[in-house]
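Worksheet: the structure to be examined is printed underneath.
Just so it is clear, none of the values below were taken in a lab; they were calculated from the coordinates. Remember, predicted model here, so these are calculated numbers, not experimental data. Cβ placement follows ideal geometry from the backbone for every residue including glycine, while neighbour counts extend to all protein chains displayed.
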Amino acid sequence: MKQLILRRLGQALIVLAGVALMIFVMLRIVPGNPIETMMGEHADRATVARMTAEMGLDRPLPEQFIQYLGNILRGDFGTSYALGRPVTELMAGAFGNTLILALFAALFSWGLGLLAGIVSAVWKNRAPDRIFMGFSLLGISLPVFLAAMALQYLFAFQLKWFPVSGTGSWKSFVLPAVALGWNSAGQVAQITRTSLAETLGEDFIETARAKGRGTAGVVLIHALRCAMLPVMTVMIIQFSSLLSGAVITETVFSMNGLGRLMVQAISGRDLPLLQATALFATAVAVLGSLAADILCALLDPRIRREA
Amino acid sequence: MTERFSDLMRRMARENKTAVASGAVILLMLLAAAFGPMMTPYGENDMDLMNRLAPPSAAHLLGTDEGGRDVLTRLLYGARISLLIGVAPALLSLAVGAALGMIAGYRGGFADTLIMRMADVTLAFPSMLLAMVLMYALGGGILNVFLTLTLVNWASVARVVRSRTLQLRDSEFVEAARISGVSGGRIVRRHILPNCLPTLLALFTLNIPATILTESGLSFLGLGVQPPFASWGLMINAGQQYLMTAPWLCFAPGLAIMMIVLAFNFLGNGLLDVLDPRRKKR
């Protein structure tokens, strides 16, 4: 068990190192001196040279990469060119908002997804199943910007129930969370339906029924516990993708989260900020799938024995 | 793997009406993109400043935008760009992913390790994020959108093709070919590739909507296709500031994107179902 966790952890670290390398390479193939690009055409030559030297951008690439790795390990992500503040400080504030948004979205998508999945599995191939599965396919195919703008138009502009944008109160998070969570609700619903329907066909369920348990008892007490394993894996992976995938939602609702910070970094050609936000968001996704793997191994004796 | 391709298609047509209907929707959209622009009385960039932000009416079925341009006309022209951007990078990433997947699966060893680690790293990125960073690095424009979407999508294709190649490599007919002295490259081309084709077709069909969604997201953020080209994502980007007063500017292209994505997803799932009958039963 310990071995399995260590091996998965090792793999995740290798992938993360690869991710760091890839981000480094991608951001260094941008033509031109990044300082010049950021400061514009009218930049004073001496200042450009001084800042280039300060950031170490004049040294050979391998040396730059080693320095960059060292800085990451020490938790130093540099200073934003455009905003003049430490990147970690900017990210901490933005990440707080993204975290709240992701939690709201997760609550919505897990709740709706589980409900739809359970109903569909119990009434498989009948009307409730058809309706819920139709909705879940719609959820998976609905582009997040369309969902976000439809919600914003209807509930903020027309009905005025929720604020149009910002992160002022808990109400500001409701619409973005629904827009963001819609897609993963569809995925949770589908995996719950598949997994639960499979479990409901097993012998021990027949036994429980024969003992005289009602449908609700059989489903909620016996079947769901077994069927939850793949569902939980999907849920965890979904949560990390909610954290790292809120770019468009945050843009539509003008929320100062991690995704919007990244968009700002791109439009401001702010290299340290972009480098750090991209690395951080990807690390969150990698750690999410690592957590899902480990949880799976902890809960499922079959995987544990395999190791 | 004995069923012929035409039989597979016929079986899908019999069993899965949704997939057939989706195919029809896709065909209609292709026709609309090809011939639609010839049938509207307006040009793609015909301004009409007296008729700015006009709501849908008989003259302008989907209203007009901030320059008084007919939204339906722009939607039809945009369909060309959006469909092209859906299909071309999906095809490119399919070719790259299939080639690398077959090399990794057939050769094994160092090539396998190298290719699959590269795939792991690519897949570790949230796809929208990777696309954003690549667009930043490469700069805007249609060709760079192609390149970016190819670099984002090749890895999942390579993974599937590799595992299919591993299965085929150990099958008896490949063994027989190898013993009779057929070269590795020829085995891959003549025996492995043809047997991967049905899987590739399903992957292609499912890659198109993913590509369209990523492109529209990029263009929505202003990082994808650049004006004067009108892609659907770009139309939404331009219309967003008029969401309150002229919602048709966002919702017309938004619904078009949703329809095409839904149709390709239904068709792709239908293809996967006929290719792997076990999937359906679950």
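General observations
- In order through segment B:207-216: 3J(HN,Hα) via Karplus (6.51 cos²θ - 1.76 cosθ + 1.60), integer Hz, x for Gly, Pro: 6, 4, x, 4, 5, 4, 5, 5, 4, 5
- Electrostatic dipole magnitude of chain B [Cβ: Lys, Arg +1; Asp, Glu -1; Cα centre; debye, to 20]: 1160
- HN-Hα J in Hz across segment A:250-266 - Karplus 6.51, -1.76, 1.60, θ = phi - 60°, x for Gly and Pro: 4, 5, 4, 9, 6, 9, 7, x, 4, x, 5, 4, 5, 4, 4, 4, 5
- Crossing angle, helix B:17-39 versus chain B [Cα axis fit, 0-90 degrees, rounded to tens]: 50
- Charge dipole of segment A:184-307 (Cα centre as origin; +1 on each Lys and Arg Cβ, -1 on each Asp and Glu Cβ, all else neutral): 220 debye, rounded to the nearest 20.
- Exposure proxy for A:Cys296, B:Cys250: other Cβ atoms within 10 Å of each Cβ, ordered fewest to most, give A:Cys296, B:Cys250.
- 10 Å Cβ neighbours from other chains, averaged over peptide B:235-247: 3
- Kirkwood-Stokes translational diffusion coefficient of the protein assembly as shown, alpha-carbon pairs, 4 °C, 1.567 mPa s, µm²/s: 50
- Projecting the Cα atoms of A:Ala20, A:Leu295, A:Ile248 onto the charge dipole of chain A (Cβ charges, centred on the Cα centre) puts A:Leu295 farthest toward the positive pole.
- Extreme residue, positive dipole direction of segment A:87-306, given options A:Ala127, A:Ser169, A:Thr277 (C-beta unit charges): A:Ala127
- Note on A:281-287: average number of Cβ atoms from other chains within 10 Å of each residue's Cβ is 3.
- Ranked by how many other Cβ atoms sit within 10 Å of their own Cβ, fewest first, the residues B:Arg80, A:Arg7, B:Arg107 fall in the order A:Arg7, B:Arg107, B:Arg80.
- Over segment B:148-222, the fraction of Cα-Cα pairs per 10 Å bin, rounded to whole percents and listed from the shortest bin up, is 17, 38, 24, 14, 6, 1.
- Rg over Rh for segment A:21-153 works out to 1.22, both radii taken from alpha-carbon positions and Rh defined as the Kirkwood radius.
- Packing-based ranking of B:98-105, B:81-88 yields B:98-105, B:81-88, ordered from highest to lowest mean Cβ neighbour count within 10 Å.
- Under 5 Å between amide hydrogens, built in the peptide plane, is the criterion, and for A:Thr79 it picks out A:Val87 among residues at least 5 positions away or on other chains.
- Folded to 0 to 90 degrees: helix B:5-15 orientation relative to chain B principal axis, Cα: 60
- Unit charges at the beta carbon, dipole of chain A: most positive-side option, A:Ala185, A:Gly214, A:Met262: A:Gly214
- The mean count of C-beta atoms from other chains within 10 Å of the C-beta of residues in A:136-147, rounded to a whole number, is 6.
- Remark on B:Leu62: its backbone amide H falls under 5 Å from those of B:Ser57, B:Val71, B:Leu72, a criterion applied only to residues 5 or more positions apart or on other chains, H modelled at 1.01 Å from N.
- Take A:194-200, A:244-250, B:127-133 and order them by the average number of nearby Cβ atoms within 10 Å per residue, most first; the result is A:244-250, B:127-133, A:194-200.
- Amide H within-cut-off set for B:Gly224, under 5 Å, with H built and near neighbours excluded: B:Ser219
- Over chain B: Kirkwood hydrodynamic radius from C-alpha pairwise inverse distances, Å: 20.7
- The magnitude of the dipole of segment A:87-306, with charges of +1 and -1 set on the Cβ of Lys/Arg and Asp/Glu and taken from the Cα centre, is near 520 debye.
- Based on the reciprocal of the average 1/r between different C-alpha atoms, the Kirkwood radius for segment A:87-306 equals 18.9 Å.
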